[in-house]
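Engineer: Sharing a structure below in structure tokens format, with a few things to ask.
Bear in mind that the values in this text are calculations on the coordinates, not laboratory data. Note that the coordinates shown come from a computational prediction; the quantities given were computed from them, not determined experimentally. Here the Cβ positions follow ideal geometry from the backbone for every residue, glycine too, while neighbour counts run over all protein chains shown.
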Amino acid sequence: MSQHPPAPEPTSEPEPTSGPTPEPPATEPGVCSAKGCTAPATWELRWNNPRIHTPDRRKVWLACDDHRESLAHFLGSRGFLKETAPHR
């Protein structure tokens, strides 16, 4: 007959989180969203996927000058890009 060690006493429950982390405001400094790029963002590409987002919802990808066009093309070819604005 094998004896098992007693089960450890439960620890206090972790504090519940208040939900998903909100997207940072567009005025915070950021880096380009292009894969592998660490350049400072100079553009905001505001988009939504109409299949899953309400029409007024905007997601934001940040872009440097070098990647603004390629990221805009990616989103635009899918019908997701709504507007492009300078990053503040």
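Engineer: With each pseudo-label sitting 7 Å past Cα toward Cβ, what's the I52-H73 distance in nm, one decimal?
Structural biologist: Using points 7 Å along Cα→Cβ, the separation is 2.5 nm.
Engineer: With label points built 7 Å along Cα→Cβ from the Cα atoms of K35 and D66, find their separation and express it in nm.
Structural biologist: Label-label distance for K35 and D66, simple model: 1.6 nm.
Engineer: Where does the Debye-calculated log10 I(q)/I(0) of region 43-86 sit at q = 0.26, 0.28, 0.29 Å⁻¹, using only Cα point scatterers of equal weight, no solvent?
Structural biologist: -0.86, -0.96, -1.02
Engineer: Still on this structure: With only Lys, Arg, Asp and Glu charged, each at its Cβ (+1 for the first two, -1 for the last two), find how big the charge dipole of region 35-82 is about the Cα centre; round to the nearest 20 debye.
Structural biologist: With only Lys, Arg, Asp and Glu charged at Cβ, the dipole is about 320 debye.
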